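S.K.: If you scroll down you'll find the structure; I have some questions about it.
The values are calculated or read from the model by the stated rules, or taken from the named source; none is laboratory data. It should be emphasised that the depicted structure is a prediction, and the values quoted were computed from it without experimental measurement. Reconstructed Cβ throughout: ideal geometry from the backbone, glycine too, with neighbour counts over all protein chains shown. For accessibility, only protein heavy atoms count, side chains too; no ligands or nucleic acids. Shrake-Rupley method; radii C 1.70, N 1.55, O 1.52, S 1.80 Å.
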Amino acid sequence: MNPLRLLAIVLVSLLLMPSPARGGDLQYKERLLDLLATRVPGILASFDAQTGRFGSGIWTCQDQHPMYPLAVAYATPGKGNRYYQDPKLLEVIVKSGEPLLENMDARGQWVFAKKDGSTWGNIWMPWTYSRWIRTFALIRDRMPPESRAAWTDALALGYSGIGKHELGHIHNIPAHHAMGLYIAGRTLDRSEWCTQAADFLAKVAASQSPGGYWSEGEGPVVVYNFVYVDALGTFYALSRDERVLPALERAAAFHRRFTYPNGSNIETIDQRNPYHETVAQGNVGFTFTPAGRSYLENQWTQSGWERLDPDLIASLLLYGAEGPLEPAGQSEGTFVLKEGDADRAATIRRGPWFLCLSAYTAPVSTSRWIQDRQNMASIYHDRVGLIAGGGNTKLQPAWSSFTVGDTALLAHAAGDANPTFTPKGPLFHVPQAAELLDGDPPGLKLTCGPEICFIRLRVRDRETLEYEVETTAAGELPVVAHLTLLPELDAPLQTAAGSSRATGAESWALSPDQIAGYFTYRGCRWELPAEASLHWPALPHNPYRIDGRAEPAEGRLEIRIPLNPANPRQTLTLRIVP
């Protein structure tokens, strides 16, 4: 058996084995209650006592979410929590419900507005409703009768609509709705809502991939996985419904594997979101297993406990479990995520290097929310962070590991809110098939239209890595390899030829002659093939803005390497600068 495959099997076996504590528990509630109390003044500073609104600028229903951590501070006794049953704090919480009451329509919906002025129609906003019902459950017995009656009627109206219309399919938003519906059923004495929500969340748990993730297209959605875990975890804390616990265990194992050493989420396999440098803080769903608590301990150490979000703290205090940690995993090695007989993704730790390879493929989706599976490898180094990769987008072939055909056939027109997401001619920018390659170096075999293309990642030493690309050059369409580098806005880039640029607001391109063999950027020196060029910025399509526009900070620095029968294989050498 191949040594790499044997190691992968051993690591998978270790991952799935039940684990004893590693000599300690994760105990956090007393510390987090103290921390929440210190956050209350800052939250109150954003409150307008005249309107009941939090925040500034264009009002959105989500501005009222701070009511939830305030309610937890009000309802939770503890040494040093001076806000416990504070009548002035209760007045603020009650007042904060007025904007929700005033702005909801006859169905209990709000306009889905964003701070940029865009509106996305009316919605039973799941994140707002779940915080409102949890707040109500905590303070209703101490509310003035008139306010209590108004909240009761409004929440009953909203959750009646949610129960009738919002649990029709498995998705992260219905999962969150179901969690809120379960709490509403308990709070408003509607047992049929509890039954409906529990059965739906059991289906959510059953729909999880054996690999520990939920899919909303083809393969994982890493960031939105947290929504499912939070919904199931909150529900489990209240119900102890054993149908959902195995899903929480698998999800914890998945996230422990697909998190960079700095605590940020691995984007390479995510079909919904590109890379964000922020440290994922987890949620209450991770507190019910040793693997999940170990994940949280790592994440909170990386982010700093003092930076934990008050909303997260509130849920951990209400629903979280404390308990033993899982033993620390191996510091080096390869993990292969298998589905059936197929190897779908790999993470590789070699000294300070951390690599991810994705063999997930999918046709181009017509939905703006499902990104093209185009960027198949990422490179991370402990000294620099994420260097290359950065995830997937739409309408931007420069983000593809390979393109076969004319890249001008796929582009986003400025201001187009309803674009066609498929190429307007013969262009293959997503692989139709992918295969992980065992051995040293590890790599990928990708079918890109008429071409077979290869990526190989060879770690030479602690500061040197080679990125090799290759094609069969079998067809007549032009083949180009693209490597996207994560930017640092306004950071200087220097080439061997003396050209100097900054990755800022200005667009630019550097020809092979202007590069002359290598360039340095963000603590890295890239030695390039003679034909390679540089391009800034390769902007994504941002689905969360109606017009899809993106800012330079969301872009990538693109290395472009043409491949042809004369040069079917090219190697880029990455050296970490001392």
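S.K.: Which ranges mark the strands (runs of 3 or more DSSP E) fully within segment 497-578 that have 3 or more residues being of a type in the set (F, W, Y) and within 28 Å of the chain's Cα centre (by Cα)?
M.R.: Values: elements: 500-502, 508-510, 518-521, 524-527, 533-538, 556-563, 569-576.
The strands (runs of 3 or more DSSP E) meeting that bar number zero.
S.K.: Conditions: (1) farther than 30 Å from D382 by Cβ; (2) in contact (Cβ under 8 Å) with a residue 40 or more places away in the chain. L457 meets all but one. Number of the miss?
M.R.: (1)
S.K.: Among the residues of segment 34-53 satisfying the criterion of being within 24 Å of M104 (Cβ to Cβ) and touching a residue at least 12 places away in the same chain (Cβ under 8 Å), which is surrounded by the fewest Cβ atoms within 10 Å (Cβ to Cβ)?
M.R.: So in segment 34-53, the residues within 24 Å of M104 (Cβ to Cβ) come out as 43, 46-53.
After this cut, where a residue has to be touching a residue at least 12 places away in the same chain (Cβ under 8 Å) as well, the list is 43, 46-47, 49, 51-53.
Values: I43: 17, S46: 12, F47: 19, A49: 10, T51: 13, G52: 20, R53: 18.
Across segment 34-53, the extreme among qualifying residues is A49.
S.K.: Please tell me if W536 is of a type outside the set (V, I, T), more than 20 Å from V430 (Cα to Cα), surrounded by 18 or more Cβ atoms within 10 Å (Cβ to Cβ) and in contact with a Phe, Trp or Tyr (Cβ under 8 Å, 6 or more places away or on another chain).
M.R.: Considered against the rule, which asks whether it is of a type outside the set (V, I, T), more than 20 Å from V430 (Cα to Cα), surrounded by 18 or more Cβ atoms within 10 Å (Cβ to Cβ) and in contact with a Phe, Trp or Tyr (Cβ under 8 Å, 6 or more places away or on another chain), W536 comes out as yes.
S.K.: Give segment 469-496 a look and list any residue that's under 34 Å from the mean Cα position of the chain (by Cα), under 25 Å from G385 (Cβ atoms) and hydrophobic (A, V, I, L, M, F, W, C), or say none.
M.R.: V469, A481, L483, L485, L486, L489, A491, L493
S.K.: Which of the numbered conditions does I452 fail, given that it passes all the others? Conditions: (1) in contact with an Asp or Glu (Cβ under 7 Å, 6 or more places away or on another chain); (2) open to solvent by 40 Å² or more (accessible area, probe 1.4 Å); (3) assigned to a strand (DSSP E or B); (4) of a type outside the set (F, W, Y).
M.R.: Just one mismatch for I452, condition (1).
S.K.: Same structure, new question: Could you check segment 132-156 and list, in sequence order, the residues that are in a loop (DSSP other than H, G, I, E, B) and surrounded by fewer than 17 Cβ atoms within 10 Å (Cβ to Cβ)?
M.R.: Matches in segment 132-156: P144 only.
S.K.: Another question, if that's okay. Can you find a residue that is among the charged types (D, E, K, R), outside any loop (DSSP other than H, G, I, E, B) and surrounded by fewer than 21 Cβ atoms within 10 Å (Cβ to Cβ) anywhere in segment 189-200? Spell out how you get there, then give the answer.
M.R.: Pass one, segment 189-200, residues among the charged types (D, E, K, R): 189-190, 192, 199.
Then keep just the ones that are outside any loop (DSSP other than H, G, I, E, B); that gives 192, 199.
From the residues that got through so far, the ones that are surrounded by fewer than 21 Cβ atoms within 10 Å (Cβ to Cβ) too are 192, 199.
Yes: one or more hits.
S.K.: Taking the condition of being outside any loop (DSSP other than H, G, I, E, B) and within 19 Å of the chain's Cα centre (by Cα), how many residues in segment 302-358 meet it?
M.R.: 15
S.K.: Right, here's the next one. Go through (1) assigned to a strand (DSSP E or B); (2) in contact with a Lys or Arg (Cβ under 9 Å, 6 or more places away or on another chain); (3) hydroxyl-bearing (S, T, Y) one by one and return the number of the condition T361 breaks.
M.R.: For T361, the failing item is (1).
S.K.: Could we say that T484 is within 21 Å of V364 (Cβ to Cβ), open to solvent by less than 40 Å² (accessible area, probe 1.4 Å) and among the β-branched types (V, I, T) here? Write out each step before concluding.
M.R.: Details: within 21 Å of V364 (Cβ to Cβ): yes; open to solvent by less than 40 Å² (accessible area, probe 1.4 Å): yes; among the β-branched types (V, I, T): yes.
Here the answer is yes, as T484 does meet what is asked.
S.K.: Right, another one. Count, please, the residues in segment 382-410 that happen to be of a type in the set (F, W, Y) and either surrounded by fewer than 24 Cβ atoms within 10 Å (Cβ to Cβ) or assigned to a helix (DSSP H, G or I) (or both).
M.R.: 1
S.K.: Would you confirm whether or not segment 13-29 contains a residue that is modelled with pLDDT of 95 or more, surrounded by fewer than 16 Cβ atoms within 10 Å (Cβ to Cβ), not basic (K, R) and not in a helix (DSSP H, G or I)?
M.R.: Yes; the residues of segment 13-29 include at least one that is modelled with pLDDT of 95 or more, surrounded by fewer than 16 Cβ atoms within 10 Å (Cβ to Cβ), not basic (K, R) and not in a helix (DSSP H, G or I).
S.K.: Could you please tell me which pairs satisfy a Cβ distance under 7 Å, a separation of 6+ or placement on different chains, a first residue in segment 54-80 that is closer than 19 Å to P41 by Cβ and modelled with pLDDT of 95 or more, and a second residue that is of a type in the set (K, R) and open to solvent by less than 30 Å² (accessible area, probe 1.4 Å)?
M.R.: From residues that are closer than 19 Å to P41 by Cβ and modelled with pLDDT of 95 or more, the pairs are Y68/R134.
S.K.: Are any residues in segment 523-533 surrounded by fewer than 18 Cβ atoms within 10 Å (Cβ to Cβ), touching a residue at least 40 places away in the same chain (Cβ under 8 Å) and out of contact with any Lys or Arg (no Cβ under 8 Å at 6 or more places or on another chain), and if so, which ones?
M.R.: Within segment 523-533, none qualify.
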